[in-house]
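To start, the structure under review is shown below, and the notes come after it.
The values are calculated or read from the model by the stated rules, or taken from the named source; none is laboratory data. This is a predicted model, so every value here is computed, not measured. Counting neighbours? That spans all protein chains shown, and the Cβs are built from the backbone with ideal geometry, glycine included. The area values use the complete protein model at the heavy-atom level, side chains included, leaving out ligands, DNA and RNA. Shrake-Rupley method; radii C 1.70, N 1.55, O 1.52, S 1.80 Å.
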Amino acid sequence: GVHRQILLTTVGWFVGYYLMKRTEYIYAKTDRELLEYVRRHPEDFKVAEKKRIGELLEDFYPIR
């Protein structure tokens, strides 16, 4: 009946809420660990020099 639908909807909402909070926690923990590694090892993550768009693209030769 209707009471089962309400019960299952409520249970599903709480399970979904718990799973979302757990995934957010896992992602936050991973981000924190990765950022800490990057902070401790700056020699592995050097900033590349910026290139202009003309240096990235190949020369254009129209085909006739």
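Per-structure values
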| quantity | calculated |
| --- | --- |
| Out of Val2, Val38, Val47, sole residue that is touching an Asp or Glu at 6+ places or on another chain (Cβ under 9 Å) and either in contact (Cβ under 8 Å) with a residue 24 or more places away in the chain or not aromatic (Phe, Trp, Tyr) (or both) | Val38 |
| Filter result for the condition that a residue is modelled with pLDDT of 95 or more, under 23 Å from the mean Cα position of the chain (by Cα) and in a helix (DSSP H, G or I), over Ile26, Ile6 | Ile26 |
| Hits in the range 35-53 (condition: open to solvent by 100 Å² or more (accessible area, probe 1.4 Å) and in a helix (DSSP H, G or I)) | Leu35, Tyr37, Arg39, Arg40, Glu43, Ile53 |
| Residue match in the range 55-62 (condition: in a helix (DSSP H, G or I), of a type in the set (A, V, I, L, M) and at pLDDT below 90) | yes |
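Each row is one residue, and each column tells you yes or no for (1) in contact with a Phe, Trp or Tyr (Cβ under 6 Å, 6 or more places away or on another chain); (2) open to solvent by 100 Å² or more (accessible area, probe 1.4 Å); (3) of a type outside the set (S, T, N, Q).
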| position | (1), (2), (3) |
| --- | --- |
| Thr9 | no, no, no |
| Tyr17 | no, yes, yes |
| Arg22 | no, yes, yes |
| Asp31 | no, no, yes |
